[in-house]
1. Could you check residue 118 against (1) surrounded by 12 or more Cβ atoms within 10 Å (Cβ to Cβ); (2) closer than 18 Å to residue 6 by Cβ; (3) modelled with pLDDT of 85 or more; (4) not basic (Lys, Arg) and say which number it fails?
2. Go through the range 421-445 and count every residue that is of a type outside the set (A, V, I, L, M, F, W, C), surrounded by 21 or more Cβ atoms within 10 Å (Cβ to Cβ) and closer than 14 Å to residue 364 by Cα.
3. Six or more apart or on different chains, Cβ atoms under 8 Å: show the pairs whose first residue is in the range 3-14 and crowded, with 16+ Cβ neighbours inside 10 Å and in a helix (DSSP H, G or I) and whose second is acidic (Asp, Glu) and modelled with pLDDT under 90.
4. Within the range 156-200, can you find the residues that are aromatic (Phe, Trp, Tyr) and touching a residue at least 40 places away in the same chain (Cβ under 8 Å)?
5. Could you check the range 223-237 and list, in sequence order, the residues that are touching a Lys or Arg at 6+ places or on another chain (Cβ under 9 Å) and either small (Gly, Ala, Ser) or assigned to a helix (DSSP H, G or I) (or both)?
6. With respect to residue 303, is the statement that it is basic (Lys, Arg), modelled with pLDDT of 95 or more and crowded, with 17+ Cβ neighbours inside 10 Å true?
7. Here is a list: 78, 56. Which entry is of a type in the set (Phe, Trp, Tyr), on the phi < 0 side of the Ramachandran plot and buried (at least 16 other Cβ atoms within 10 Å of the Cβ)?
8. Mind checking whether some residue in the range 339-347 is over 17 Å from residue 429 (Cα atoms) and at pLDDT 95 or above?
Amino acid sequence: MILFLISYIIYIVYRSTEAMHMLQQNLYNENNRYLKWIKKNYKKVFTIYDFIPIIFFIFIYFIDDKQVSDFILVAGMFVYMYGIYNEYKKNKENQNKLPLNITSRIKRLFVTFLLLIGLVIGFTIKAPNRIVMATMLIVLSLILGLIYYFIYLANVIDMPLNKLEYYYYFHKAKKKLKQYQNLQVVGITGSYGKTSSKNVVNEILSSKYIVRPTPKNYNTPYGLMMTINNYLDKFDEVLIAEMGAYTTGRIKNLCDFVHPKYGILTVIGEAHLETFKTKENIQKTKFELIESLPSDGVAVLNRDDSWQVNYELKNKVKVIWIGIDNKEADVYATNIKFGSFGMSFDCHYNHGEKISLKTRLLGSHNIYNILSGVALALEMGISISDIKGSVASLKAVEHRLELKKIGNIYMLDDAYNSNPIGASGALDVLNRMNGTKVVVTPGMVELGKLEKEKNYEFGKKISEVADYCLLIGEKRTKVIHDALIENGFNEDNIFVLKRVIDAYNVINALKQDKVDIYALFENDLPDIYTEDR
């Protein structure tokens, strides 16, 4: 019995860690994301040999023989030992892109899980007879087989404590914000490009002010609370708050928390359409930032985005329009040039004045980001010379159309948070490069009913730009594969791979003398989208 329980505990810890990892990546089941993921990925969730011991344990009901019971326990132990070996092998072969983050919430969840398991194991060890023991063994096996649901149950049990923790840190952050009466808050939201915009604005505003941006892509209430409680100090003059949402009302809640005076809306697109249901809901949610600004607030909006132009604001704030295509914008770009050095363009402002800017960044979306930063900087009294210097010193954000050389390959790393607009822009940048053009992609996700359509359009554009296409994951990229073939792409130049890491060997094999290779890595899906192997 002891050896059986040891093997069981080791195996269930493996499986529960996997389940907690997926729960965390699915935002602890926000909007039922975790439960929906389980339904879509049942082959990962349910492993047949987790249920095999149940068949063994049923025999204990009918055979009153200790030797037979011991033999059945040994058989069950070997099944779980095989499971341990299989999990170890899988973890060794498949490195997680984003490992489980051991937060206080995960620690609490694990303790709750251990207490529940320990309770059942205790009943099993002290079973008064074989019937009770057999029943408890079956219960243990069912818990293992349904471990993803069991972790969900533990998360539900922890919910009151999680809410208490949330309100503690929320009120702590609110109290701290009240102490900084002169702090100016800039809110940034949009379907795409929030983090890139935040980093550009931070660099430009930092030429005059002490700026505190939310780190990385922290754009949730927890991310804002962490920034305020752990990083904000009395010397900071500007807080830049990146704001994300999956449902309506979330941006409004964030604004009620930090009270921004300035707001930047990047672009309104189809991101998270699966949870928003309609693009109108996305539009309404993103404008929650602008409609939360005070009467003396300033909004920076994109005149090239029809979903921003056509929206009727319900409050009166100063609006500064930016644009590339629309020259009626208050701040707009002309004479745009791309190259391996980055980009250069003329920025027009104040209805006639112009400044020539150079940047190491690539992509039209970064021009919009720079225009937003320039518009806000002019409003906040930053000099033209400081703006020009800040733009010239901008560095690419990691994994966001970042150009870097790896061996003989020029890599355009656009792995993070791909979307239809960003992917199209990245292909435009790739098209301007002189050399062999390669696209590596698993496609785009979380586009709801438009997912197939947008991936087909993506595949069609790849066929017009690239020489080779490396698709990651056969099932998910089938639409892109079909689009390539239907639009005349050479089938011999399509490679379907299981992992992104396998793409490097394929690209290296394409190398030809005196011909540069430019490889666009468009999107790198998180572990919740990894296909079965």
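The values are calculated or read from the model by the stated rules, or taken from the named source; none is laboratory data. Just so we're clear, the structure is a prediction, and the values are computed from it rather than from any experiment. Every residue, glycine as well, gets a Cβ built from its backbone with ideal geometry; the counts of neighbours run over all protein chains shown.
1. Every listed condition holds for residue 118 apart from (1).
2. Residues meeting the conditions: 2.
3. 11/87; 14/87
4. Our first condition is that a residue be aromatic (Phe, Trp, Tyr); within the range 156-200, this holds for 166-170, 180, 192.
Result: 166, 169, 170, 180, 192.
5. 223, 225, 227, 228, 229 - these are the residues of the range 223-237 that are touching a Lys or Arg at 6+ places or on another chain (Cβ under 9 Å) and either small (Gly, Ala, Ser) or assigned to a helix (DSSP H, G or I) (or both).
6. Considered against the rule, which asks whether it is basic (Lys, Arg), modelled with pLDDT of 95 or more and crowded, with 17+ Cβ neighbours inside 10 Å, residue 303 comes out as yes.
7. Working: 78 fails: buried (at least 16 other Cβ atoms within 10 Å of the Cβ).
Unique residue meeting the criteria: 56.
8. Start the filter on the range 339-347 by keeping residues that are over 17 Å from residue 429 (Cα atoms), which leaves 346-347.
Of the ones still in play, those that are also at pLDDT 95 or above are 346-347.
Within the range 339-347, one or more residues are over 17 Å from residue 429 (Cα atoms) and at pLDDT 95 or above.
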